[in-house]
Amino acid sequence: MQEFEQMFRTATQAGDRALRTEPRAVAAHYDRRAGKLVVEIQNGVVLQLPPSQLQGLSGASPDELAQVQVEGAGFGLHWESPDVDLCVAGLAHGIFGTRTWMSELARAAGSRTSAAKAAAARQNGRLGGRPKKAAAKHARAQSKPGSRRAKG
């Protein structure tokens, strides 16, 4: 019985600590005009998140997104349909889903094209392609103030 009491005391302390330190939602709603999920944290911070970035919500309709519920003393957000649960602390730290989901978001972000990226690629092509990492590192080191250059 003593072991159970110690485990209970430890768990209670951990829960109390989480209530004091972890970000918790006091309110959440879907802003249809902005197209954002709005989450108000207990410390006054307001998160505005695009549903397209949140795992399980990218294909949800505005009506479905509006059905967000704050659960678990504010530690979580829940939608019945689609059946999605998100961690408020994770959202506050920029974690919008599983590791696989976050990798997919990063991959998609890296594949974006712009006029500046296209111009840089053309310039690198004229110079013989993408600079080698070792050469670029050496060039940066030589251009730093106070770097020693070999005098010939």
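The values are calculated or read from the model by the stated rules, or taken from the named source; none is laboratory data. Only a predicted model underlies this, so the values are computations on that prediction, with no experimental measurement involved. No Cβ is skipped: glycine too gets one built from the backbone with ideal geometry, and neighbour counts run over all protein chains shown.
Just the residues that are over 21 Å from the mean Cα position of the chain (by Cα) and under 20 Å from L86 (Cβ atoms), please, taken from the stretch 16-57.
The answer is L19, R32.
Would the stretch 8-22 turn up any residue that is touching a strand residue (DSSP E or B) at 6+ places or on another chain (Cβ under 8 Å), touching a residue at least 24 places away in the same chain (Cβ under 8 Å), surrounded by 10 or more Cβ atoms within 10 Å (Cβ to Cβ) and in a loop (DSSP other than H, G, I, E, B)?
No - not one qualifying residue is present in the stretch 8-22.
Could you check the stretch 64-133 for strands (runs of 3 or more DSSP E) lying wholly inside it with 3 or more residues that are within 19 Å of the chain's Cα centre (by Cα), assigned by TED's automatic domain parsing to the domain that holds N43 and not polar (S, T, N, Q)?
Details: elements: 69-71, 76-79, 84-87.
So the answer is 76-79, 84-87.
Across the stretch 16-73, what is the number of residues that are of a type in the set (G, A, S) and either farther than 27 Å from A109 by Cα or touching a helix residue (DSSP H, G or I) at 6+ places or on another chain (Cβ under 7 Å) (or both)?
8
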